[in-house]
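Okay, structure first, notes after.
The values are calculated or read from the model by the stated rules, or taken from the named source; none is laboratory data. Keep in mind that what you see is a predicted model, and the values were worked out from it rather than measured. Because the Cβ atoms are built from the backbone with ideal geometry, glycine has one as well, and the counts that use them run over all protein chains shown. What goes into the accessible areas is simple: the full protein's heavy atoms, side chains included, and nothing from ligands, DNA or RNA. Shrake-Rupley method; radii C 1.70, N 1.55, O 1.52, S 1.80 Å.
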Amino acid sequence: MASERGIRNNGAAATPRSTPVPATDARPQVRPTTEGWQQKMGPDGRPVLQFAEPKRGKPPVHLADLTPAERVARVTELGLPGFRAKQLETHYFTHCTTDPARMTDLPAAQRDELVAGLLPPLLTEVRRLRTDNGDTIKFLWKLHDGALVESVLMRYPGRITLCVSSQAGCGMNCPFCATGQAGLTRNMSTAEIIDQVVQANAAIAAGELGGKKRGETTPERVSNIVFMGMGEPLANYNRVMDAVRTMVAPQPHGLGMSARHITVSTVGLVPAIEKLAAEKVPVTFALSLHAPDDELRDELIPVNSRWKVDEALDAARAYFDATGRRVSIEYALIKDMNDHAWRADLLAQKLIARGRGWVHVNPIPLNPTPGSIWTSSEPAVMREFVRRLEAAGIPTTLRDTRGKEIDGACGQLAAADGA
Ligand code: SAH
């Protein structure tokens, strides 16, 4: 039904435009109009972009907000010996616990004080939903001020991936994404980001993530992180980078993960991409492109009004040059909107113009948000899109969408709806 409405919408769009559609591609051009909700517009008639967060109370300071030296200082401030910091770090990062009763290596009289001072509760579980035969769990968390965020845990052969949130809400206002529709509530703190991983590790250790195959040798911890939950990670740059540093810090000071197994995904904040390239942490970088032409991308990704397709692609290429890490281009395939053969060709052309071997493309079928008039591309159209990119020599992997039934799939993390 959605697709029929999508097609009918063509031509009836309020502002008809003249995207060139070659005669060989006779399918209609659907424009990104919204239905069932109102996209917030600024006085200039463009979708509002929120970079600064509204003023709100900060979450309590937590061990994961501090550097190892600051943790020792904090323990000392509490009048306790500094070496207790390392014991607390081990309990938190390695044993995934904040329960004083389990900290038997600490004097009973000091445990409550240490936990209250360094491990305050940050994420309160509201709901936990399972799907994909238990291979996928969606967590809905309430933060100290009532803001809601989600993370999604997924077992794949040989790896366990956690999709984390970096902001409560998002200010980037992309009309196809559920998170953007509510605007930005606030940035998450470093420890709120890290605690999603620690709590996921605790759930795995408790045997809650199903789907383990006989003989499977994957360590029972989160091995991969994708910053593809709620929020625009590069709009919360410092806290996200501090979280990444703690993820890769060896135990007991951090989670001991590999930077290459951490993916930072962005709408394309070019100055922040340049900053990221200069960090000494070679994370995997993903650019949410979704259209190779500015005319369509201006509407799909409102931040394109600041940094155009070519600037975002130049920054992605520069990321590869600085780190040697092949970058990912994310492309949600939306029926009759961005899935035309000529767009696959234009995308291939723009990528190859910047060299070979530096990039791969991840098309993903759109997950329509509730009330959306858009729908995912037809399978044959998706295959053709992929075929054209591959024929041009661009490695391309059609991504699957996990967690659809529990609204845990890409772009569907609308915590307010799930509460
Ligand atoms: N703000 C960041 C990360 C969050 S979203 C970014 O935009 O990259 C993670 C990915 O999911 C992005 O590529 C985003 O464009 C995509 N996405 C959002 N809504 C989607 C939807 N409804 N269907 C498919 N992918 C979607």
Under 5 Å from the placed amide H of V361, counting only residues 5+ away or on other chains, we find I329, T396, T397
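Counting only protein heavy atoms and using a 1.4 Å probe, what share of the accessible area of the chain belongs to carbon plus sulfur, as a whole percent?
So the carbon and sulfur contribution to the accessible surface is 53 percent.
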So, over other residues within a Cβ distance under 11 Å of D65, counting Lys, Arg +1 and Asp, Glu -1, the net charge is 0
With DSSP loop assignment and no more than 12 other C-beta atoms within 10 Å, the trypsin sites (Lys or Arg not before Pro) in the range 253-353 are K280
If unit charges are put on Cβ atoms (+1 for Lys and Arg, -1 for Asp and Glu) and the dipole of the chain is taken about its Cα centre, the option from I373, A332, Q251 lying farthest towards the positive end turns out to be Q251
Helix 108-118: inclination vs the chain longest Cα principal axis, degrees, rounded to 10, gives 30 degrees
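Let me have the relative contact order for the chain, percent, based on Cα pairs under 8 Å that are six or more residues apart.
17 percent.
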The size of the Cβ-based charge dipole (Lys, Arg +1; Asp, Glu -1) of the range 109-171 about the Cα centre, to the nearest 20 debye, is 260 debye
Whole-Hz Karplus couplings 3J(HN,Hα) for the range 321-333, θ = phi - 60° and coefficients 6.51, -1.76, 1.60, Gly and Pro as x, run 4, 6, 10, x, 8, 5, 9, 10, 10, 8, 8, 6, 7
Helix 379-391 sits off the longest principal axis of the Cα atoms of the chain, rounded to the nearest 10 on a 0 to 90 degree scale, by 90 degrees
Dividing the mean separation of Cα pairs under 8 Å (6+ apart) by the residue count of the range 54-135 yields a relative contact order in percent of 33 percent
Residues other than A202 with Cβ under 13 Å of its Cβ, Lys/Arg counted +1 and Asp/Glu -1, net out at -2
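Listed here are the pairs K212/K280; K40/K308; K138/K350; K138/K213; K280/K335; K55/K350; which of them are more than 30 Å apart at the Cα?
Correct reply: K212/K280; K138/K350; K280/K335; K55/K350.
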Using alpha carbon centers only, the range 299-363 is separated from the range 219-297 by a whole-angstrom value of 17 Å
Scan of the chain for GluC sites (Glu not before Pro) in DSSP loops with at most 16 other beta-carbon atoms within 10 Å gives a longest site-free stretch of 36-207
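Let's see if you can work this out: charge +1 on each Lys and Arg Cβ, -1 on each Asp and Glu Cβ, no other charges. What is the dipole magnitude of the chain about its Cα centre, in debye to the nearest 20?
The dipole of the chain has a size of about 500 debye.
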Given unit charges at Cβ for Lys, Arg (+) and Asp, Glu (-), the dipole magnitude of the range 217-286 about its Cα centre in debye, nearest 20, is 120 debye
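Per residue, how many Å² of accessible area does the range 349-396 show with a 1.4 Å probe? Before the final figure, lay out each step's value.
Numbers: 2040 Å² over 48 residues.
Value for the range 349-396: 43 Å² per residue.
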For the range 132-137, Karplus-derived ³J(HN,Hα) couplings (6.51, -1.76, 1.60; θ = phi - 60°; whole Hz; x for glycine and proline) come out as 6, 6, x, 6, 10, 10
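Net charge around R354, counting only other residues with Cβ within less than 13 Å of its Cβ (Lys, Arg = +1; Asp, Glu = -1)?
0
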GNM of the chain, Cα pairs under 10 angstrom: of V75, V198, V244, the biggest fluctuation goes to V75
Working note, the chain: Cα radius of gyration (Å, one decimal) and Dmax (Å, whole number) are 22.2, 78
Relative contact order as a percentage, the range 206-286, C-alpha pairs under 8 Å and 6+ apart, gives 29 percent
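Scan the range 152-234 for trypsin sites (Lys or Arg not before Pro) in coil per DSSP, keeping those whose Cβ has at most 14 other Cβ atoms within 10 Å, and list them by number.
K213, R214
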Longest principal axis of the chain (C-alpha) makes with the long axis of helix 190-205 (C-alpha) an angle, in degrees to the nearest 10, of 80 degrees
